């Protein structure tokens, strides 16, 4: 008893000591904040949390600092940790709701907003969140009255407290959607009086000024913003892009030269000038500028020479570029070999090695860099990218978090984080990272498109619309954004808005003379007419395109395919014959003729035409695949296999051909052969979801060792949120084989419901149910597996199914 009492006293004393020391660190952090030293304050707070992870004030203040600094990823992480330990912390719930709104995660905003309202009551800041949620819901539902009520609530909140930024955003958004440009400009200016450093407001203001046609005011504001926000690296390019759109390339170059000459040692400014010269006047002019910059020597000379090598690489001479960088590194004095600049050159060389088929050499160089500088952001990104490709996503996420600590507003890091979470099957986190990438990139087109396409793939069209509309307010002439927005409106059958997009694309196409813009416009217009079932107008439109020199053939093919899809085979053939009469040797028309015959059951003629095409184009993989499938359609498996032999002889690396061969081997029961092919395809492109599924599935069904099962799990993790039953079956069966039956059950149930007549899927679900003790339910699915066994269920599995049916029926009879 005495020993126990002493130990208890010591333990309690240790606890008090840890808490006391944690509080000392927190108080030191507050003092440092008062002195304006936030860097050391953050370190003190981390020390406090290391000693006492549940220290509420330290966690909350650290989260607030990260939010103020713009590191939204860590801010979200810290606020989440705060409310996990202290769910009653209303400020934390409110902050998470606001951050979720900022990132477009409306489900999370609703959850945390409701909790904030419960904890804090409907104080103005909470009412702002609730108004945003109501406005967003009304927009998604097309509820005009609800939208107007939310705007009225926001206007009342702003009237009572003009500093409520999130409320004013509702008011501004409503005005923008109504195209009340002058009112929107006044509201934005009022918002800037209370938030003069609100960069997104300036971006909105630029868009409104453009709508009002105030080009001089746009130029002036951009010039002011470049000076006011030097940390916004994209701003000089925005101004240069604006000059270019006005046809003022000389002014653009003069602006960049003034900036470069004002700070000759500012590497970033010199780099911006060189990039502009490369795009506007060609690589020769850019190379000459680099020669001029590097000639005097100095601290930046090595970087300029490396940039010259990159120009050489982009010009197509990869070997010369790599040799140039290798020589630069070899010529460095000993004291510079481990400098940050030298490591940057190594990253460039590693990237070139990756792109020229030397991943091992690139990996060795990245490892060398990180051994010297573990926080090198570019090297961490390359390492994480490789780890994602190799399905080592947990390590990739660790390295990307390290990179984010060094560069919290780098959208490329967040995009890689999204890719890692996608591989891990963590769809919510993937979506969150894509949203963060949009936020930190200031709604840049590339990041906005990536996020919008993810939302579209999930059928979340209204959130995708919001993302694209927000991006277009800042990048009003981006054709790819308009094209994606048009697709959204067609998908939701919002014909009026789709027509507006078509009209805008028509204007941009005429102004730019860009052929790709015209093609995008034509494709969207055709989809709009087809979606509205305006068939006659569609054919008239396609006829008009077919008569044009540019794009005429594509329109002709579209007309033929449209006739065929509608079952008007005779019209399709007549049109095709006319096209072939004008272009008898055109491969695309000859291929279309063969596929049309095959779809009509004229297999002999189709095969004859396909064989003729292959005589002229033996490397045409789609033609080989068409011939292979034509044989399979007729039930001629041996002949199909012979076609595949010939095809692989002509194209031994053809990915589609190898995939077909793997499927053939799988059907023949040669699982080792199929696995070997899938392994080769996966090594070539591990992002291919179908290859990943098939490889993981075969490994889980035809391998027994724990190491292989673990690898199957790593490959299959990405499948756990899929809406495809076959993919969910793969993941569920892997989990079941690893003994994780509770985790496996919902996935296997989803697959069994989606494929009620697939014997393998039914068998897998039945086995899991037996393991969970649900034997009556398992019997039903074993019976289905036996009923639909056919050729799909291997003989050994069928035998196991019958044995289980006999055992379970006997158990039922015994009850």
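Here's the yes/no breakdown for (1) buried (at least 19 other Cβ atoms within 10 Å of the Cβ); (2) touching a helix residue (DSSP H, G or I) at 6+ places or on another chain (Cβ under 7 Å); (3) under 19 Å from residue 497 (Cα atoms); (4) free of Cβ contacts under 8 Å to residues at least 24 places away in the same chain:
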position	(1), (2), (3), (4)
517	yes, yes, yes, no
521	yes, yes, yes, yes
525	yes, yes, yes, yes
532	no, yes, yes, no
559	yes, yes, no, yes
562	yes, no, no, no
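Kindly indicate whether residue 105 is under 26 Å from residue 471 (Cα atoms) and out of contact with any strand residue (DSSP E or B) (no Cβ under 8 Å at 6 or more places or on another chain).
Yes; evaluated as a whole, the condition is true for this residue.
For segment 192-245, name all the residues that are within 16 Å of residue 441 (Cα to Cα) and without any contact (Cβ under 8 Å) to a residue 12 or more places away in the chain.
Selection gives 230, 231.
Among the residues of segment 101-117, which ones are surrounded by 22 or more Cβ atoms within 10 Å (Cβ to Cβ) and either part of a helix (DSSP H, G or I) or over 25 Å from the mean Cα position of the chain (by Cα) (or both)?
101, 109, 112, 113, 116
Tally up the residues in segment 257-266 that are closer than 25 Å to residue 343 by Cα and at pLDDT 90 or above, please. Let's see the steps before the verdict.
The first filter runs over segment 257-266 and keeps only residues closer than 25 Å to residue 343 by Cα, leaving 260, 263-266.
Restricting the remaining residues to those that are at pLDDT 90 or above gives 260.
Of the residues in segment 257-266, 1 are closer than 25 Å to residue 343 by Cα and at pLDDT 90 or above.
Surrounded by 15 or more Cβ atoms within 10 Å (Cβ to Cβ) and within 22 Å of residue 794 (Cβ to Cβ), is that true of residue 700?
Taking the combined requirement at face value, the residue satisfies it.
If you check 408, 374, which single one turns out to be buried (at least 18 other Cβ atoms within 10 Å of the Cβ) and assigned to a loop (DSSP other than H, G, I, E, B)? Quick ask: steps written out before the conclusion?
Values: 374 fails: buried (at least 18 other Cβ atoms within 10 Å of the Cβ).
On inspection, the qualifying residue turns out to be 408.
Examine segment 431-438 for a residue that is at pLDDT 90 or above, crowded, with 23+ Cβ neighbours inside 10 Å and more than 26 Å from residue 686 (Cα to Cα), and state whether such a residue exists.
no
If you take the residues in segment 261-304 that are surrounded by 20 or more Cβ atoms within 10 Å (Cβ to Cβ) and more than 33 Å from the chain's Cα centre (by Cα), which one is nearest to residue 352 (Cα to Cα)?
For segment 261-304, the residue satisfying everything is 302.
Could you list, in sequence order, all residues of segment 355-404 that are in contact (Cβ under 8 Å) with a residue 40 or more places away in the chain and more than 27 Å from residue 688 (Cβ to Cβ)?
404
I'd like the residue in segment 453-468 that is under 27 Å from residue 221 (Cβ atoms) and in contact (Cβ under 8 Å) with a residue 24 or more places away in the chain and, out of all such residues, is surrounded by the fewest Cβ atoms within 10 Å (Cβ to Cβ). Step through it out loud before you land on a result.
From segment 453-468, those under 27 Å from residue 221 (Cβ atoms) are 466-468; that's our starting set.
Those still in the list that are in contact (Cβ under 8 Å) with a residue 24 or more places away in the chain too: 466-467.
Details: 466: 19, 467: 29.
Here the answer is 466.
Do we have residue 246 as loosely packed, with under 15 Cβ neighbours inside 10 Å, modelled with pLDDT under 95 and closer than 24 Å to residue 134 by Cα here?
No; evaluated as a whole, the condition is false for this residue.
For residue 556, which of the numbered conditions (1) over 32 Å from the mean Cα position of the chain (by Cα); (2) within 27 Å of residue 478 (Cβ to Cβ) fails to hold?
(2)
Sort through 169, 144 and tell me the only one that's within 21 Å of residue 469 (Cβ to Cβ), buried (at least 19 other Cβ atoms within 10 Å of the Cβ) and at pLDDT below 95.
169
Quick one: which residue in 419, 396, 384 is over 24 Å from residue 680 (Cβ atoms), part of a helix (DSSP H, G or I) and either at pLDDT 95 or above or touching a helix residue (DSSP H, G or I) at 6+ places or on another chain (Cβ under 7 Å) (or both)?
Residue meeting the stated conditions: 384.
Would you confirm whether any residue within segment 666-689 is in a helix (DSSP H, G or I), touching a residue at least 24 places away in the same chain (Cβ under 8 Å), over 33 Å from the mean Cα position of the chain (by Cα) and surrounded by 15 or more Cβ atoms within 10 Å (Cβ to Cβ)?
yes
Can you tell which of 769, 793 is in a loop (DSSP other than H, G, I, E, B), touching a helix residue (DSSP H, G or I) at 6+ places or on another chain (Cβ under 7 Å) and within 22 Å of residue 735 (Cβ to Cβ)?
Criteria check complete, one pass: 793.
For segment 754-764, check the following and say yes or no: at least one residue is surrounded by fewer than 15 Cβ atoms within 10 Å (Cβ to Cβ) and in contact with a helix residue (DSSP H, G or I) (Cβ under 9 Å, 6 or more places away or on another chain).
Checking segment 754-764: at least one residue is surrounded by fewer than 15 Cβ atoms within 10 Å (Cβ to Cβ) and in contact with a helix residue (DSSP H, G or I) (Cβ under 9 Å, 6 or more places away or on another chain).
Assess whether residue 419 counts as being in contact (Cβ under 8 Å) with a residue 24 or more places away in the chain and surrounded by fewer than 20 Cβ atoms within 10 Å (Cβ to Cβ).
So residue 419 does not fit the description; no.
Answer yes if at least one residue in segment 167-185 is in a loop (DSSP other than H, G, I, E, B) and touching a helix residue (DSSP H, G or I) at 6+ places or on another chain (Cβ under 6 Å), and no otherwise.
No: segment 167-185 contains no residue that is in a loop (DSSP other than H, G, I, E, B) and touching a helix residue (DSSP H, G or I) at 6+ places or on another chain (Cβ under 6 Å).
Just checking, which of 471, 483, 491 is more than 26 Å from residue 204 (Cα to Cα), in contact (Cβ under 8 Å) with a residue 12 or more places away in the chain and in contact with a helix residue (DSSP H, G or I) (Cβ under 9 Å, 6 or more places away or on another chain)? Show your work before the answer.
Numbers: 471 fails: more than 26 Å from residue 204 (Cα to Cα); 483 fails: more than 26 Å from residue 204 (Cα to Cα).
After applying the criteria, what remains is 491.
Residue by residue, here is whether (1) modelled with pLDDT of 95 or more; (2) surrounded by 21 or more Cβ atoms within 10 Å (Cβ to Cβ); (3) assigned to a helix (DSSP H, G or I) holds:
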position: 122; (1), (2), (3): no, no, no
position: 128; (1), (2), (3): yes, yes, yes
position: 138; (1), (2), (3): no, no, yes
position: 149; (1), (2), (3): yes, no, yes
position: 153; (1), (2), (3): yes, no, yes
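Restricting to segment 599-639, name every residue that is part of a helix (DSSP H, G or I), more than 22 Å from residue 589 (Cβ to Cβ) and more than 38 Å from the chain's Cα centre (by Cα).
Scanning segment 599-639 gives 631, 637, 638, 639.
Quickly run through segment 210-222 and pick out the residues that are part of a helix (DSSP H, G or I), touching a helix residue (DSSP H, G or I) at 6+ places or on another chain (Cβ under 7 Å) and modelled with pLDDT under 95.
Listed by number, the residues that qualify are 210, 211.
Restricting attention to segment 647-665, and to residues there that are within 12 Å of residue 680 (Cβ to Cβ) and more than 29 Å from the chain's Cα centre (by Cα), which single residue is surrounded by the fewest Cβ atoms within 10 Å (Cβ to Cβ)?
Per the criteria, the residue is 652.
The values are calculated or read from the model by the stated rules, or taken from the named source; none is laboratory data. As the structure is a computational prediction, the values presented were derived from the model and not from experiment. Cβ: placed from backbone, ideal geometry, glycine included. Neighbour counts: every protein chain shown.
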